[in-house]
Amino acid sequence: MKSRSWQSADVYWGVAGAVLLVVLWEGAVRAFDLPAYILPGILEILVSMVDLQSTLMDATWMTVMEAVSGYVIGSACGILLAVILTLIPTLKRWCLPAAIAINSVPVVAYAPLVLLWFGMGAESKIVMVSLAVGFTVFLSALTGLDQANRKSIDLLRSFGANPLMIIWRLKLPAALPLIASAMRVSTTRSMIVAIVTEMLGAYGGLGWVIYQATLQIDFVQVWAAIFAASLVSLIFFGAVSMIERKVIFWR
Amino acid sequence: MSLPLKNVPTADHQNTSPQVAPASTLLDLGGVSKTFGNVQALSGLNARIGTGEFVTVVGPSGCGKSTLFNIVAGLEEPDDGAGIQFRGQSCKARDLLGNVSFMPQQDLLLPWRTVIDNAILAIEMEGMPKAEARALALKMLPEFGLAGFEKQYPNQLSGGMRQRVALMRTFLFKRDLMLLDEPFGALDALTRTMMQRWLLDVWQKHNRTILFITHDVDEAIFLGDRVLVVTARPGKIKLELPVNLPRPRGAELVTSPEFISLKRTLLEAIEEESMKSFQATTGH
């Protein structure tokens, strides 16, 4: 029911909002005659996106590859770790404070170290994204796995289920809504982390394009790269949201 | 988990009539007590359940009925000194895990599983291949009034249907002893009467032993071969009332003089206990 109303009315409002933003933006640029280094016009940016097509495509492909790989690895590790810690409560008491401490520092703070350890190539970006996504998904999964109804657990125990069966048949499905919402939020986060890490050191990717363009004082190109990043982020977010609604149909 | 208790054929195949006095004792509880902190839930409770019997348990709210059920389901251990015998063998409560088919108050259906997959949950965990389990359950659907609903999800069902899916899950998990904890408590009066008659039919056909908790005196008499009245906390058996009413039982039974007289006896016993637990909680 919720998803249907979202699809109809909310989409129109979203489109209307985007159109309004474009009009205000383009209007402001023309009305105040803003120079390109402050804010270029949207049309100008779009034209440059077409001109820079091949550069942008390569950069976007690289960033997306890094973000998605890191996203998949991070999500898988986060869920797996949460399952292991749920199975071994003693280990959970030991590891949880450390995990929260690591997570309380913005992941980007680790970027220089990760670049040092894993080099300037795609590996360091994948590691950074995995870290960022992994911790978010891990902490949500851990909470979710704990949320299964005590009575349902007792029911399964009365059927003679062992802890592994209880995880697989009850706790994991019960945790899915929380895991999925963490994974949905992590889509944009993985793009952000990939781009920021690229800015700190890379041979390609959208972050690298933005950094290089800034050095060359080519702000139209900076905006072109930002637009490409936004577009890809939106698609990533939309795709994961769609999968979420399909998988968690009972909500 | 004690292996000797497992894989013993259930009473299903024997064709003993439930009217005949049970030949053997299935479950024997002797001196069962349970203390939580400084609250004593059960105190020296004794009960005996015969094979094929339908025993109902009534008592004031908070009398430790659920504690009793958790012990019999194997989910909780009683205090030291309790004697539990299952099929004539002394055992711990936890040895009963997996040996009793337990149905709690709420249906506890898994929202991500269809009707059929909810019904086979227990036997699937026993190790039966999914396809085989589904085929078995599919054959049972009409009997539980669920024919054609196998692919529905729990949130598409009415309360009565959800309860029947939960019952089917309990029945498919073939164990000698079935524990039903107020399974019809949340249903409206009309649905409840229908479900009670239906449960009697299914029970007689499958020849199971049932221990059934309820707070409804009519339900206790209508269903049971014997009614056990539990005292106010700390719970023990106050009264054991045999119900010698003919089976199969129909709706007209509840207005018969025999039924009314049994009901009076039970109500008096429960009234006394309810007063006690009421006074205990209000401090008068």
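The values are calculated or read from the model by the stated rules, or taken from the named source; none is laboratory data. What you see is a predicted model, and the numbers here were worked out from it, not measured in a lab. So basically every Cβ, Gly included, is an ideal-geometry build from the backbone, and we count neighbours across all protein chains shown.
Details
- The range A:121-140: number of residues that are charged (D, E, K, R) and touching a residue at least 12 places away in the same chain (Cβ under 8 Å): 1
- Unique match (being in the same structural domain as B:Asn70 (by TED's automatic domain parsing) and surrounded by fewer than 17 Cβ atoms within 10 Å (Cβ to Cβ)) among B:Ser158, B:Ser90: B:Ser90
- Residue match in the range A:30-43 (condition: in contact (Cβ under 8 Å) with a residue 60 or more places away in the chain, assigned to a helix (DSSP H, G or I) and closer than 15 Å to A:Gln221 by Cβ): no
- Filter pass, B:Leu45 being more than 13 Å from every other protein chain (Cβ to nearest Cβ), touching a Ser or Thr at 6+ places or on another chain (Cβ under 7 Å), touching a residue at least 24 places away in the same chain (Cβ under 8 Å) and assigned to a strand (DSSP E or B): no
- Matching strands (runs of 3 or more DSSP E) fully within the range B:64-123 where at least 1 residues are at the interface with chain A (Cβ under 10 Å from one of its Cβ atoms) and in contact with a helix residue (DSSP H, G or I) (Cβ under 7 Å, 6 or more places away or on another chain): B:100-103
- Hits in the range A:58-77 (condition: buried (at least 18 other Cβ atoms within 10 Å of the Cβ) and over 14 Å from the mean Cα position of the chain (by Cα)): A:Ala59, A:Thr60, A:Met62
- When residues of the range B:134-157 are limited to those that are in a helix (DSSP H, G or I) and under 19 Å from B:Asp107 (Cβ atoms), the one nearest to the other protein chains (Cβ to nearest Cβ): B:Asn155
- Qualifying residue in the range A:209-225 (condition: within 14 Å of chain B (Cβ to nearest Cβ) and either assigned to a helix (DSSP H, G or I) or within 20 Å of the chain's Cα centre (by Cα) (or both)): no
- Qualifying residue in the range A:193-207 (condition: closer than 22 Å to A:Ile73 by Cα, of a type in the set (D, E, K, R) and crowded, with 20+ Cβ neighbours inside 10 Å): yes
- Those residues of the range A:168-190 which are farther than 17 Å from A:Arg245 by Cβ, surrounded by fewer than 19 Cβ atoms within 10 Å (Cβ to Cβ) and either modelled with pLDDT of 95 or more or under 17 Å from the mean Cα position of the chain (by Cα) (or both), in sequence order: A:Thr188
- Residues being farther than 26 Å from A:Pro163 by Cα, part of a helix (DSSP H, G or I) and not hydrophobic (A, V, I, L, M, F, W, C) are entirely absent from the range A:79-100.
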